[in-house]
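So the structure is just underneath, and the comments pick up after that.
What follows draws every value from the coordinates through simple rules; no lab data is involved. Since the model is a prediction, treat every value here as computed from it, not as a measurement. Positions of Cβ are generated from backbone atoms using ideal geometry, with glycine treated the same way; all protein chains shown enter the neighbour counts.
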């Protein structure tokens with residue numbers, strides 16, 4: 001448990017931040033299932049927030065099944081705890097740190113997906129990856145086509161060629177959020193037209209090399225190319241958001 005107000009920033013309400021802090025303490029086992037949590041007074045003293053903030057945070061956690069109130073006794077951690085579905089919201093990805101974390105998640109999925117695609121693809125799956133690359137190349141050359149959408153479609157085709165349907169499911173889950181970020185990358189108004197052209201050419205070459213490695217069943221090369229491709233993407237976003 002962190003007994004300070006250091007975690008209380010300005011990006012979210014105090015209620016939401018306190019709720020998240022208590023939830024972390026519950027999930028980590030600091031507040032074990034079936035045990036009583038501190039009193040309102042203790043939370044107020046520990047975090048320097050108002051009574052209403054504490055009550056709203058506790059009420060929210062009760063509504064989600066993390067806490068249970070026992071009349072005249074206090075508030076206890078639920079036993080068992082509720083399950084929590086995996087979720088990444090568009091609102092989360094507005095924050096640069098979260099976009100960086102999403103790219104780290106993509107690395108964990110897509111590096112191995114690229115290697116498995118090189119090892120496992122059949123003729124039809126390779127055709128789909130090649131077709132996705134051609135669509136991406138056409139989008140690069142046209143101002144009317146959605147480059148971000150075609151970029152991610154290429155990555156999904158690779159995941160499908162890995163023959164691991166969970167890779168595909170996870171990528172489809174984050175597709176809308178990621179394609180929005182890709183659109184921003186390919187249509188960055190701050191970037192000079194010549195720099196934009198060079199960036200597109202470089203990105204297209206990265207995709208083309210990746211396709212070649214998958215086609216020739218060079219699994220280790222495919223993994224390394226995907227790793228470097230996503231590292232470059234993360235470096236772009238970090239540079240963009242570090243600018244004043």
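List of remarks:
- Reducing the stretch 195-227 and the stretch 14-59 to their Cα centroids gives an inter-centroid distance of 47 Å.
- Sorted by Cβ neighbour density within 10 Å, fewest at the top, the residues 141, 18: 141, 18
- Residue order for 231, 26, fewest other beta carbons within 10 angstrom first, comes to 231, 26.
- Relative exposure of 54, 75, judged by other C-beta atoms within 10 Å (fewest first): 75, 54
- Whole-number D in µm² s⁻¹ for the stretch 120-171, Kirkwood Cα-pair radius fed into Stokes-Einstein, 4 °C, 1.567 mPa s: 115
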